[in-house]
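We did not get these values from a lab; they are worked out from the coordinates using the rules stated. Note that the structure is predicted; figures quoted are calculated from it, not measured. Using ideal geometry, Cβ is built from the backbone for each residue, glycine included, and neighbour counts are taken over all protein chains shown.
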Amino acid sequence: MAKSDTPLLDQLGGGKWPSFIDDMKQAAKKKPMAKDLLGQLELSYKEKIGHWKHGGIVGVKGYGGGVIGRYSDCPEKFPNVQAFHTLRVNHPTGWFYKTEALRNLCDVWDKHGSGLTNLHGSTGDIILLGTTTDHLQECFDDLSAKGFDLGGSGSALRTPSACVGPGRCEWACIDSLDTCYNITMSYQDEIHRPMFPYKFKIKVAACPNDCVASIARSDLAIIGTWKGDIPIDQKEVAAYAAAGLDIQKEVCNLCPTRCMVYNGRELKIYDEDCTRCMHCINLMPKALRPGPEKGATLLIGGKAPIVEGALLSWVIVPFMKLEPPYTELKDLIMKIIDWWSETARSRERIGELIKRVGMRTFLRAVGLPALPQMVKSPRTNPYVFFWPEDIKQKEVK
Amino acid sequence: MPQIELAGKTYEVDEDGFLQELDKWNKEFAQAYAKNEGIEGQLTEEHWKIINYLRDYFQKFGIAPMIRKLVKDNGIDMKRLYELFPTGPAKGACKLAGLSKPTGCV
Ligand code: SF4
Ligand code: SF4
């Protein structure tokens, strides 16, 4: 048997699960670009060093983002990946496709690029991996003709993303799909023409299960929630118990605030202590459901660990009604972005800025009231939110 | 290093076409290169205002300005900026101004 050119990569393909290596090898049969990509990756594994140069600037007309320039640092060895740019394509909200749309995408990409795709990248977008500068504009034109648009990159509003929400989930509290689509269409300029201090991500989850990880991975997280008590159907509770669910152990004991009591017959929830985490509803969806009044909690400042460390986001609006045309939400987004753009240092995410200047400065700047729900670590120091003039000094006699 | 020929002179550029020898920049370079960035015909006063602003800023601070600053200082909006430089301020305008490639996060 002929000796393999990629012994290290072969190991990745040898496991139990499908590997991207198999896909790349398949692509390599018809695309020299994919073949050289395998070669360069093998070299990277061998030398334990990446072989992409950082930061090319390429693009299409009218857009300041959506294309990420990539160049090999060893084009003499791998001439077909000398330029290997990535296109970010705005995914359909909730990632719903017709097969026809996927075929269209692949046809365009076979024509203009390496044929390699990554659905979906951690940004949410459709990632088209590897093309050359002279193909960019045409590829973009062909994508547009099929109804696709580029997503965000660089210091811009990144492609907003949302969970499937009411598309599949019975207990979705908000229409994450419509909210996300509305935001995307409202902020086309902010997505395509970067003018922020750094990136800004908005993610929408329709319930606290937060399947888009908005709390950790977006600067502004919009998470569906409810007001009022969780309605309980005791008959269904009994049916779950009869079917073998250990309600005490699985439901009550794992409630983060321990606000549920089960006496073997009936379940009681002390709703005033419930943090609306969804845990009990996930386990007994027939017996429990979100309360009657639906809306969203907004959180700010989540980010992955680049430049500074990772941050989880912080509640800024405990409850907002979320209905089209989303005026209240969009007014707030603009205020936040304006303040951040004016105040931030270059490449400072909003979470880092708030950490630097303080939550109370942020709240005053965007006109939000300080509320108990914002206290990040309850029972530490609630005075952190007060301005000196708020605390009237009493004269000591 | 790739080279380009513009108005009878040869320049060293990087793979994205950004000028490598910053002191080689001249007005003819910008004008001749404009077509490449989607600008038809002569560069107008509005173009030069942005180009000169970028060069001044770069000479002072050694980096390209943040786009918001560029827009504010020149009393121009993003729409007009992209009309002037269809490939955008970071790519088009900086390239014509002979700035080295702006670094940014992708
Ligand atoms: S976050 Fe909630 S509504 Fe959205 S997909 Fe997950 S479970 Fe469904
Ligand atoms: S939603 Fe969460 S916090 Fe509320 S009762 Fe259920 S498990 Fe407890």
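Which residue fluctuates most in the GNM of chain A (Cα springs below 10 Å): A:15, A:130, A:165? Evaluated over chain A, the most mobile residue of the options is A:15. Label-to-label distance, residue A:270 versus residue A:308, with points set 7 angstrom from Cα along the beta-carbon direction: 3.7 nm. When the alpha carbon gyration tensor of region A:152-232 is reduced to an equivalent ellipsoid, the three semi-axes, largest first, read 27, 12, 9 Å. Restricting region A:135-240 to GluC sites (Glu not before Pro) that sit in a DSSP loop and have at most 13 other Cβ atoms within 10 Å of their own Cβ leaves A:170. Rounded, prolate or oblate: which fits the protein assembly as shown when a ≥ b ≥ c are the square roots of the eigenvalues of the alpha-carbon gyration tensor, with rounded for a/c under 1.5 and prolate only if a/b beats b/c? In terms of gyration-tensor shape, oblate. Tell me, how many Å apart are the Cα centres for region A:255-313 and for region A:72-104? Rounded to whole Å, the Cα centres lie 38 Å apart. Simple rule: put +1 on each Lys or Arg Cβ and -1 on each Asp or Glu Cβ in the protein assembly as shown, find the dipole, and look at A:176, A:375, A:343; the Cα lying farthest toward the positive end is A:375.
For the options A:291, A:154, A:309, a Gaussian network treatment of chain A with springs between C-alpha atoms closer than 10 Å singles out A:309 as fluctuating the most. Of all the options B:31, B:59, B:20, the one that moves most in a Gaussian network model of chain B with Cα springs shorter than 10 angstrom is B:59. Between residue A:357 and residue B:26, the FRET efficiency from the beta-carbon distance, with R0 = 41 Å, is close to 0.40. Helix B:45-61 axis versus longest C-alpha principal axis of chain B: approximately 90°, rounded to the nearest ten.
Loop-located trypsin sites (Lys or Arg not before Pro) across region A:1-90 with a Cβ neighbour count of 12 or fewer within 10 Å are A:3, A:16, A:29, A:30, A:48, with loop assigned by DSSP.
Applying a DSSP loop filter and a limit of 14 other Cβ atoms within 10 Å to the chymotrypsin sites (Phe, Trp or Tyr not before Pro) in region A:229-272 leaves A:270. With helices as the sole contributors, chain A gives -9000 deg cm²/dmol at 222 nm; each DSSP H run of n ≥ 4 counts as -39500 (n - 2.57), and the sum is divided by every residue. Remark: region B:3-96 is approximated by an ellipsoid whose semi-axes, taken from the C-alpha gyration tensor as √(5λ), come to 21, 16, 11 Å, largest first.
Applying a threshold of 25 Å to the alpha-carbon distances of A:294/A:355; B:35/B:101; A:61/A:111 flags A:294/A:355 as lying beyond it. On the principal axes of its alpha carbon atoms, region A:207-257 extends 44, 22, 19 Å, with the longest extent given first.
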